[in-house]
């Protein structure tokens with residue numbers, strides 16, 4: 001069922017919540033309610049349901065929310081706004097045929113409301129996993145060990161369920177860990193409007209994989225678009241400019257120019273591992289940035305962390321350009337080798353830093369450096385003991401205008417539901 005939201009006036013609000021203002025609703029609160037399938041006007045009938053009485057736990061819930069200093073401001077503000085309005089009893093059952101049946105006498109024809117039973121699946125799925133790996137008690141490490149930090153990643157329309165519904169249930173039960181961070185993201189739009197599969201308006205994930213473009217290129221731009229504090233928007237021109245300017249022209253350029261110079265001029269091997277006093281100072285400055293990146297990732301500020309990584313590769317490009325190894329090699333080969341040793345170590349650190357974002361590209365760099373595919377985060381800042389690389393290839397291909405037009409046709413056509421489930 002959908003209708004007009006009584007709070008913000010959004011005309012396609014659902015019977016349980018408005019997607020635009022995130023207000024929790026009951027079906028009879030909708031203005032001009034209608035069936036989403038055929039547009040008919042629903043008939044309201046009296047029936048019996050089970051409810052959670054949030055009023056009884058409102059005080060504990062409010063105190064817990066106010067204690068969360070690491071949450072995003074908009075998440076805390078939204079959660080406290082519901083508390084301020086006064087929490088009401090919420091129905092946890094529905095008159096539907098599909099869903100989890102209620103195992104209580106007199107409610108056999110009811111199912112549980114999805115936002116009552118779905119979060120419980122967070123725990124039960126962990127227990128199931130522990131059973132499969134033959135460590136039946138392992139799940140407790142995640143849900144009862146107070147040292148464990150649980151992160152919930154969700155869109156802003158799901159914030160109330162992870163700051164009110166689920167935490168209230170956990171507090172009432174008393175034995176399990178509450179979320180450490182509720183990472184409530186804003187909305188991602190497409191070229192000036194809301195993404196809609198029915199209107200064929202947006203980028204559709206199932207088509208991205210087969211688009212013919214390196215998936216790490218998509219991962220890069222989608223990371224840039226993460227709506228961490230405000231709504232963001234996919235724009236094709238920006239996609240082209242950022243990929244070509246930042247991913248290809250900055251990160252990819254520094255890695256390739258460093259490794260290809262070593263390959264072409266030193267047969268892939270660096271023997272002089274001495275770093276000058278000034279380069280050591282520069283290295284310490286870059287290591288401070290790496291610590292900042294670590295902090296940002298811990299606090300789920302993914303876009304900021306990516307921007308810091310790109311600033312490191314930008315400094316690497318400037319360092320390479322300022323030292324002009326193509327000229328230096330003619331008059332001071334030993335110093336040139338030292339410059340390249342500094343640069344190749346920076347390539348190694350960048351490979352580690354981009355792994356959470358661009359895993360396949362990261363593994364390619366590790367391979368060129370003759371390192372294990374997944375170097376440890378603890379290896380950041382540690383100089384390479386041996387530099388004997390393999391022949392490098394270009395990491396990212398530039399996106400040409402004709403390729404962008406081809407992509408638009410491929411990834412903006414949604415797959416019909418029946419195609420996804422056909423044999």
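Laboratory data are not the source of any read-out in this text; all were calculated from the coordinates shown. Here the structure is a predicted model, which is why all the values come from computation and not from measurement. As a convention, Cβ positions derive from the backbone with ideal geometry for all residues, glycine included, and neighbour counts pool all protein chains shown.
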* Residues residue 291 and residue 107, FRET efficiency given R0 of 51 Å [Cβ-Cβ distance, rounded to 0.05] -> 0.40
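Please rank 175, 349, fewest neighbouring Cβ atoms within 10 Å first, as an exposure proxy.
175, 349
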* **Residue-averaged [θ]222 nm for the chain, counting only DSSP H segments that reach four residues, each worth -39500 (n - 2.57)** => -13000 deg cm²/dmol
* To do: Could you quote the convex hull projected area for the chain, Cα atoms only and averaged over all directions, in nm²?
  => 26.4
* How far is the Cα center of the stretch 274-343 from the Cα center of the stretch 82-115, in Å? -> 56
* Asked: Any idea what angle helix 58-67 forms with the longest principal axis of the chain, computed on alpha-carbon atoms, 0 to 90 degrees, nearest 10?
  -> 10
* To do: Under 1.5 on a/c is rounded, so check that first for the stretch 99-163, then, if it is not, pick prolate when a/b is larger than b/c and oblate when it is not; a ≥ b ≥ c are the square roots of the alpha carbon gyration tensor eigenvalues.
  => oblate
* Cα-based Rg of the stretch 1-46 per 2.2 N^0.38 Å, rounded to two decimals? -> 1.03
* Structure fact -> Descending packing, highest mean Cβ count within 10 Å first, for 232-245, 305-318, 190-203 is 305-318, 232-245, 190-203
* **Crossing angle, helix 333-353 versus the chain [Cα axis fit, 0-90 degrees, rounded to tens]** => 10
* Asked: For the stretch 215-388, what log10 I(q)/I(0) values come out of the Debye formula at q = 0.14 1/Å, with one point per alpha carbon and no solvent?
  -> -0.75
* In whole angstrom, how far apart do the alpha carbon centroids of the stretch 13-37 and the stretch 235-262 sit? -> 46
* Asked: Mind checking the angle between helix 215-224 and the chain's longest principal axis? C-alpha axes, 0 to 90 degrees, to the nearest 10.
  -> 70
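Quick one: Kirkwood hydrodynamic radius for the stretch 288-421, alpha-carbon pairs, angstrom, one decimal?
17.5
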* Would you please classify the overall shape of the stretch 141-180 from the alpha carbon gyration tensor, given that a ≥ b ≥ c denote the square roots of the eigenvalues, rounded means a/c under 1.5, and beyond that prolate means a/b larger than b/c while oblate covers the rest? => oblate
* Which of the peptides 162-171, 147-156 is most tightly packed, and how do the rest follow, going by the mean number of other Cβ atoms within 10 Å of each residue? -> 162-171, 147-156
* Asked: With no solvent and one point on each alpha carbon, what is the Debye value of log10 I(q)/I(0) for the stretch 48-185 at q = 0.09, 0.17 Å⁻¹?
  -> -0.30, -1.03
